[in-house]
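Asks: Okay, here's the structure, questions in a sec.
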Amino acid sequence: MNFLKIITFLVLLISCSKEQGHILPFEDSSSLSEEESLRLNFRKNGIGKVEFQKENEELVDLGRNLFFDKILSGNKNISCATCHHPELGTSDSLALSIGEGGIGLGEDREKHEGEFVPRNSPHLFNLGMNDLTTLMWDGRIAITQEEGILSPEIGINGKDPRLKYLTENIDHVLTLQAFFPVTSNDEMLGKFGSNEISNLTSNEDIWEALTNRVVEIPEYQDKLKDAYGDQIEEFNYSHIARAIAAFERDSFTLKESRFDKFMNGDNTALTSREKAGARLFTGKARCVQCHNGSNFSDENFYSLSTPQKGPGKGQIDQEDIGRANFSKKLEDKYKFKTPPLRNIALSAPYFHSGSHHSLEAVIRHHLNPKRSFEEYLADPSNSIDNLDYNVDRNIARLNSLDSFFNVLIVEEFSDLDIENIELFLRTLTDESFKDKIETPSRVPSGLEVDQI
Ligand code: HEC
Ligand code: HEC
């Protein structure tokens, strides 16, 4: 053994002995073990902590029933679970969701009398973290320190809203979100004229009518009282929304993935290839630049030059211009929110219009969006999916690519690197939620429950 080798050996020995300790007195990662420095890197990017509000059991039970109950849809034919089914990774396995009027569940769901919802149904994992503020692909539902509530309903927006009785229970953006699927004609409300609630012209009236429907069912009366106490004189939709959010938070918050075990100090929880993937994620591939924070999302908006499938959400020509739809700023065109990544292996297909079906394709797209976009358009097998081939729009999509992606050089990533990043993403999987919640066999309305 020459001198250099002895020194290297000693350094290794010292760093290994540090592995057990969790206190990091200084940030000089060169003296840390490989695992500790990886953990430090994640923590520096806000990843690893899972902090959320616990709710009482009765509230969660009420929310569970409402989440699976079609009573909240105008024509009593669709529930939240239809598009966010626990057995389907809290999504629906479809590129684009099919709204009310559709038949079936998961990949077998057919349009029938329903319409495509213009976007991919996101999974619902770890959306109840205390520090999360923004939801939806374009961030149109948010609660911020500066502005208070931001939503499609001005009556509840801001810090001093007109409809205060509705905002008192809005404790988190997840509660706010649960106000809106029920007001969308295509998602849950039903076409104008198809039921008495869809004829109502204001969101406030829709929420009131739906609340009346729920309250009229004695079992729900009891559950509301159990959850909120007897002293409440009148229930309103905020009590429904808050219970749904409590259920989502309680059931879909994960903290026992192999990644979490690794973050809690178990070096053996990840294989060496998964660790290599994690190093790429935090290092050379710079995924943490955007996928950071308690839920692997910076809650910001970027254009990745992703293709559009189906009827895009947009006021003009069904073109989905993403964040710009809502912010009305030209520079936000084609930007979408960085999606959270926990349990991401369970919720294919991916991207805002469900264009990509595998994690590998998603990673390859990130590493060279321009090439991936062009290849996608050129692949005839994608044409059956109602792909947007409009030349001008597609040039604009390409040109909108976030400047971040100019710094990545795809040739620097081998196939093995890409596989390793995918292996790492798969360590974020924690399926324990499936044991915790069972699809209820019945709900208080007596309506049919979607079962896999
Ligand atoms: C027809 C299918 C469908 C139904 C029914 C539905 N959703 Fe969704 N959900 C979606 C789609 C699609 C999106 C993304 C829409 C967008 O961003 O424009 C979404 C977004 C969300 C989000 C935001 C996720 C994120 O990461 O930003 C939450 C939370 C959510 N839904 C919960 C619910 C709840 C609660 C219900 C029932 C009250 C419900 N959904 C009913 C399809 C559906
Ligand atoms: C510049 C910000 C940024 C960086 C860097 C970034 N992403 Fe993304 N990521 C996004 C955005 C924005 C989307 C959604 C794009 C869309 O739907 O059009 C996305 C989508 C994804 C999805 C699909 C999630 C879903 O629910 O559909 C995965 C998986 C993903 N990214 C993983 C990664 C990995 C792995 C890396 C590193 C190789 C990475 N991202 C780097 C911003 C980023």
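Asks: Gap in Å between the Cα centre of the stretch 224-251 and the Cα centre of the stretch 416-452?
Replies: The distance from the Cα centre of the stretch 416-452 to that of the stretch 224-251 comes to 24 Å.
Asks: Computed over the Cα atoms, what is the radius of gyration of the stretch 57-253 divided by 2.2 N^0.38 Å, N being its residue count?
Replies: Scaled against compact globular proteins, the figure is 0.97.
Asks: While we're on this one: Can you tell me the orientation of helix 369-378 relative to the chain, as the angle in degrees between its alpha-carbon axis and the longest Cα principal axis, to the nearest 10?
Replies: Approximately 60 degrees, to the nearest ten.
Asks: On the protein heavy atoms, probe 1.4 angstrom, tell me the percent of accessible surface of the chain carried by carbon and sulfur. Numbers along the way, then the final one.
Replies: Working: 10520 of 20830 Å².
Heavy-atom surface of the chain belonging to carbon and sulfur, 1.4 Å probe: 51 percent.
Asks: Also, I was wondering about something else. Can you give me the Rg/Rh ratio for the stretch 258-426, using Cα atoms for both radii and the Kirkwood formula for Rh?
Replies: Result for the stretch 258-426 is an Rg/Rh of 0.98.
Asks: Right, something else. Just the number please: accessible area per residue for the chain, 1.4 Å probe, all protein chains included, in Å².
Replies: For the chain, the solvent-accessible area averages 46 Å² per residue.
Asks: Is it possible to state the helix-based mean residue ellipticity at 222 nm for the chain, with each DSSP H run of 4+ residues giving -39500 (n - 2.57), the sum divided by total residues, to the nearest 500 deg cm²/dmol? What is it?
Replies: So the calculated ellipticity at 222 nm is -10000 deg cm²/dmol.
Asks: Using a 1.4 Å probe, how large is the accessible area of H172, given in Å² and rounded to the nearest 10?
Replies: Its heavy atoms expose roughly 20 Å² to the probe.
Asks: Leaving ligands, DNA and RNA out of it, rank W207, W137 by accessible area with a 1.4 Å probe, largest first.
Replies: Reading off the accessible areas and sorting them downward yields W137, W207.
Asks: Could I ask something else about it? Please name whichever of S73, L408, L398 sits farthest to the positive end of the charge dipole of the chain, dipole taken about the Cα centre and charges placed at Cβ: Lys and Arg +1, Asp and Glu -1.
Replies: So the residue we want is L408.
Asks: Enumerate the amide H contacts of K335 below 5 Å, restricted to partners 5 or more residues apart or on another chain; note that Pro and chain-start residues carry no placed amide H.
Replies: Amide H neighbours of K335: R323, A324.
Asks: Between 0 and 90 degrees, rounded to the nearest ten: what's the tilt of helix 203-215 against the longest Cα principal axis of the chain?
Replies: 80 degrees
Asks: Roll a 1.4 Å probe over the protein heavy atoms and report the accessible area of T439 in Å², nearest 10.
Replies: Taking all protein chains as shown, T439 has close to 30 Å².
Asks: Need the full-extension length gain, R371 to K44, defined as separation in residues times 0.36 nm minus the C-alpha distance. One decimal, nm.
Replies: Between R371 and K44, full extension yields 114.5 nm more.
Asks: Per residue of the stretch 333-342, in order, report the coupling 6.51 cos²θ - 1.76 cosθ + 1.60 (Karplus, θ = phi - 60°) as ³J(HN,Hα) in whole Hz, putting x for Gly and Pro.
Replies: 4, 6, 8, 10, 6, 4, x, x, 10, 5
Asks: Enter the Cα centre distance for the pair the stretch 125-146 and the stretch 183-206, rounded to the nearest angstrom.
Replies: Cα centres, the stretch 125-146 to the stretch 183-206: 25 Å.
Asks: Got a sec? Charge dipole of the chain, +1 on Cβ for Lys and Arg, -1 for Asp and Glu; which of L40, L124, F296 is way out at the positive end?
Replies: It is L40, whose Cα lies furthest towards the positive end.
Asks: Still on this structure, please answer the following. Once amide H atoms are placed 1.01 Å from N in the peptide plane, what residues at a sequence separation of 5 or more from I98, or on another chain, have their amide H within under 5 Å of its amide H?
Replies: Amide H neighbours of I98, under 5 Å, 5+ apart: V117.
Asks: May I ask for the distance between the Cα centers of the stretch 264-295 and the stretch 337-378, given as a whole number of Å?
Replies: So the separation of the two Cα centres works out to 19 Å.
Asks: Nearest 20 debye, what's the magnitude of the dipole of the stretch 258-426 about its Cα centre given +1 on Lys and Arg Cβ and -1 on Asp and Glu Cβ?
Replies: Charge dipole, the stretch 258-426, about its Cα centre: 480 debye, nearest 20.
Asks: Given 0.36 nm per residue, what is the gain on full extension from N264 to S358 after removing their alpha carbon distance, in nm?
Replies: Difference between extended and current length: 30.9 nm.
Asks: Can you tell me the orientation of helix 57-68 relative to the chain, as the angle in degrees between its alpha-carbon axis and the longest Cα principal axis, to the nearest 10?
Replies: Once rounded, the angle reads 80 degrees.
Asks: Return the sequence-ordered ³J(HN,Hα) values of the stretch 146-159 in whole Hz as given by the Karplus equation 6.51 cos²θ - 1.76 cosθ + 1.60 applied to θ = phi - 60°, using x for Gly and Pro.
Replies: Karplus values, whole Hz, x for Gly and Pro: 6, 10, x, 7, 10, 7, x, 10, 4, x, 10, 7, x, 9.
Asks: Now for a different question. Determine the sum of side-chain charges near E147: Lys and Arg each +1, Asp and Glu each -1, restricted to other residues whose C-beta is under 15 angstrom from that of E147.
Replies: Here the count lands on -2.
Asks: Tell me the Rg and the Dmax, in Å, that the Cα atoms of the chain produce.
Replies: That works out to 23.5, 86 Å for Rg and Dmax.
The values are calculated or read from the model by the stated rules, or taken from the named source; none is laboratory data. Computed from a predicted model, the values in this text were never measured in an experiment. Every residue, glycine among them, receives a Cβ derived from its backbone with ideal geometry; neighbour counts consider all protein chains shown. Heads up: the accessible areas ignore ligands, DNA and RNA and are worked out on the full protein's heavy atoms, side chains in. Shrake-Rupley method; radii C 1.70, N 1.55, O 1.52, S 1.80 Å.
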